[in-house]
Amino acid sequence: MLFFILVISLFPLAVGPEPKTLQLIGPGVIWVAAILSSLLGLERLFRDDFQDGSLEQLMLSNTSLPAAALVKVLAHWLTSILPLIILSPLLALFLHLNEPMYWALLKTLLLGTPLLSLIGAIAVGLTVGLNRGGVLLALLLLPVFIPLLIFATSAVESASMQLQYSAQLAIIGAMFLLSLALAPFAIAYALRVSQT
Amino acid sequence: MAVISVINLSVVKTDRLLFEHLNFAVEQGGLLYVKGQNGAGKTSLLRVLAGLVNADSGKVYFSQQNIKDCRDDYHQHLVYFGHKLGINLTLSAVENLQYWCKQHQVVISVDRIFNTLAQLNLVGLEDIPVANLSAGQQRRVALARFWFKQNAKLWILDEPFTALDNQGIELISKQITQFLIGGGAVVITSHQALRLDYPTDELTLEYRI
Amino acid sequence: MWKWLHPYAKPEHTYYLCQRLLPWFSLLGLAVILFASVWGLAFAPTDYQQSEAYRIIYVHVPSAVLSKSLYSAMAIAAFVGLVWQVKTSFMAMMALAPIGATVTFVSLVTGAAWGKPMWGTWWEWDARLTSQLILLFLFLGVISLYKAFEDKQQAGKAAGVMAMVGVINLPIIHYSVQWWNTLHQGATIMKLGKPSMPPEMLWPLLLSILGWALVSAAIFLLRMQNEILQREIRRPWVVALANKSSTLSEGT
């Protein structure tokens, strides 16, 4: 977590402390930080269980694999993303985001970051047996995360101009619900493919 | 009625045909010893039997039902020990076994777990993280599950004796024999000769290019 | 209804089908693409707004159209492979992927080249270019994932899942990028001159698209054959085929 505060602190140092500039890039920077934080945590999601055989034993028990996957996703969200959300007021302060912007940012983070965990877990499930997962994971997931990034940052931007942003939130919300419904099954399938 | 039977089974791994048209059945109280050199397909066969991997063609039956159709029932009566131990290295032996039992719907008291670990010569090592144990000790913790699932009908063991000392091998062999006498079925592979005083069926897999 | 497709689940059948179709697609494709390209690049009338620079559309548009259709074809192959567990379908998917990636890359380069006279810069975050860039990443992701697995059956399933995830996201990505672009710029829309394209310009364009499609299909057939041979290398029919061709060359 400290790492991300440090990285985010780099931006004012790099682009200058002018509040207007920081306000422009702020939401984007925080969202990119959330995506990177999510990617880092994803790698460890299934790896240990895969390597020590616990995943196998889980698949041979009568525990529902999609349900177990969902619990893991929740754990990932709580450990990799929630700290960032808790720290977000501080980060908003650093980047000169005003109040309406911050509330918009918070809403997009709450609605959108679960998507990072849910869809990320599908890619992790597929690559858990591979040796060098890291860059491949980023390559697989970044294109898929781009719409989320676009809608989230545009919501905060609209807020900064005192405009409505419920449309963006609605789209993010829809994506979230869709992946909440489908991802656990895709993750379970991905894990089974990795067992072959 | 055979506990587990296999009809016309063929398995491909990494584009290599391991075996095809395989047929066999293991009855209650039957012991099947799968032999073959490295790469012949023993582990793959056992994983297909357990249902972790799909075969290319052919079917696996548990008590006359396709394992794909009776997944839950099959899992309830199966104990599988594979190449990976299936225990978490950060948890202690007791915690691991408690977790496994809960996962596999086995009701068990902590005392029972301690007693079994004592039988397996792990006294004093039950509460420390498993990562601190030796390879043989870790294996014995993982094998302890064979003392717990009472209503299991089939045991599948993939080279259980690796890294075990003579005493460990004796313990496991005795447990397997007891299970067989009680009517259980066992499919086992091992690079060492089996020291079980029990009628054994053998299946040898040839290494194919 | 799909019974006629069943034999093609066997790699051997598909191999020989590809062999039969290849000469048609390759010859026809080369002919059409040469004809259309020469017509468009040299003989079609000059555009009144963009003068000669617009001619790049005879390369850019076919490549962009192909990039999207190839991704869809790849996703369909992935779907068929995943749902019906057909090995040849996964092979087709991976035969298509690099062609799709290359074509997408061409569309990006030609798009950028078109941009230079239009906007004065080599790159613009125009909605279409950005979408194509993301599409390229999607292709590269599927290819890299497939290459990372040693067991090619596993690889096919994994790459198939990612192809499906990508295809579900494709419309979302397109829509979001378009929307993002209109928010931020609004002006730089690639002009195709669509409604007012005279037939002398339109025909070479359509023919180019057809030519590109045929040539892509020909390359796909070649790659498919290669993929089949690689995967089935241990089978008796491949060994027999290899022996036959080596005795043929010995005979000359």
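Quick note: the coordinates plus some simple rules give every number you see, no bench work behind them. In this text, all values refer to a predicted model and were calculated from it rather than measured experimentally. With ideal geometry, Cβ positions are generated from the backbone for all residues, glycine too; neighbour counts draw on all protein chains shown.
Summary table below
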read-out	value
Helical segments meeting 30 Å axial Cα length and Kyte-Doolittle 0.5 threshold in chain A (DSSP H)	A:19-42, A:99-127, A:134-160, A:166-195
Sequence-distant aspartates and glutamates (8 or more away, or on other chains) whose Cα lies within less than 17 Å of B:Lys68	A:Glu56, B:Asp56
Inter-label distance, nm, simple model (7 Å from Cα along the C-beta direction), C:Ala53/C:Gln85	5.7 nm
Placed amide H near A:His96: partners under 5 Å, 5+ positions off or other chain	none
Unit charges at the beta carbon, dipole of the protein assembly as shown: most positive-side option, B:Ser5, B:Val53, C:Leu34	C:Leu34
Neighbouring partner chain Cβ atoms per residue of B:83-95, average, 10 Å criterion	3
Candidates A:Thr79, A:Thr108, A:Thr153: whichever shows maximal mean-square fluctuation once chain A is modelled as a Gaussian network with Cα springs under 10 Å	A:Thr79
Residue among C:Ala53, C:Ala95, C:Ala77 with the largest mean-square fluctuation in a Gaussian network model of chain C, springs linking Cα atoms under 10 Å	C:Ala53
Average beta carbon contacts from partner chains per residue of B:98-105, 10 Å cutoff	3
For C:144-151, mean number of other protein chain Cβ atoms within 10 Å	5
Cα gyration tensor shape of the stretch B:124-209, rounded if a/c is under 1.5, else prolate or oblate by comparing a/b with b/c	oblate
Relative contact order of the stretch A:1-145, pairs being alpha-carbon contacts under 8 Å that are 6 or more residues apart, as %	35 percent
Acute angle (nearest 10 degrees) that the helix B:166-181 long axis makes with the longest principal axis of chain B, alpha-carbon atoms	60 degrees
Residue-averaged 222 nm ellipticity for chain B, from DSSP H runs of 4+ at -39500 (n - 2.57), nearest 500	-8500 deg cm²/dmol
Orientation-averaged projected area, Cα convex hull of the protein assembly as shown (nm²)	37.2 nm²
Nearest-ten-degree value, helix B:93-103 long axis tilted from longest Cα axis of chain B	50 degrees
Reach of B:Lys42 by Cα under 19 Å, taken over lysines that are not fewer than 8 positions away in the same chain	B:Lys13, B:Lys59, B:Lys84
Label-point gap, in nm, between B:Asp111 and B:Asp15 - each point 7 angstrom along Cα→Cβ	6.0 nm
Global geometry of the stretch A:86-186, whether rounded, prolate or oblate, following the gyration tensor of its Cα atoms and the 1.5 cut on a/c	prolate
Inter-label distance for B:Thr162 and B:Gln65, nm, one decimal - labels placed 7 Å from Cα along Cα-to-Cβ	3.3 nm
Compactness of chain B as Cα Rg over 2.2 N^0.38 Å, two decimals	1.02
Lysines whose Cα lies under 23 Å from that of A:Lys20, excluding same-chain neighbours fewer than 8 positions away	A:Lys107
Segments A:132-138, A:26-32, B:157-163, B:106-112 sorted - mean Cβ within 10 Å per residue, highest first	A:26-32, B:157-163, A:132-138, B:106-112
Value of D in µm² per second that Stokes-Einstein yields for the stretch A:2-195, Kirkwood Rh from Cα pairs, at 25 °C (0.890 mPa s)	141 µm²/s
Shape call, chain C: gyration tensor on alpha carbons, a/c limit 1.5	oblate
Pairs of Lys in chain C closer than 14 Å at Cα, counting only those 8 or more apart or on different chains	5
Centroid-to-centroid separation of the stretch B:182-209 and the stretch B:1-55 [C-alpha atoms, Å]	12 Å
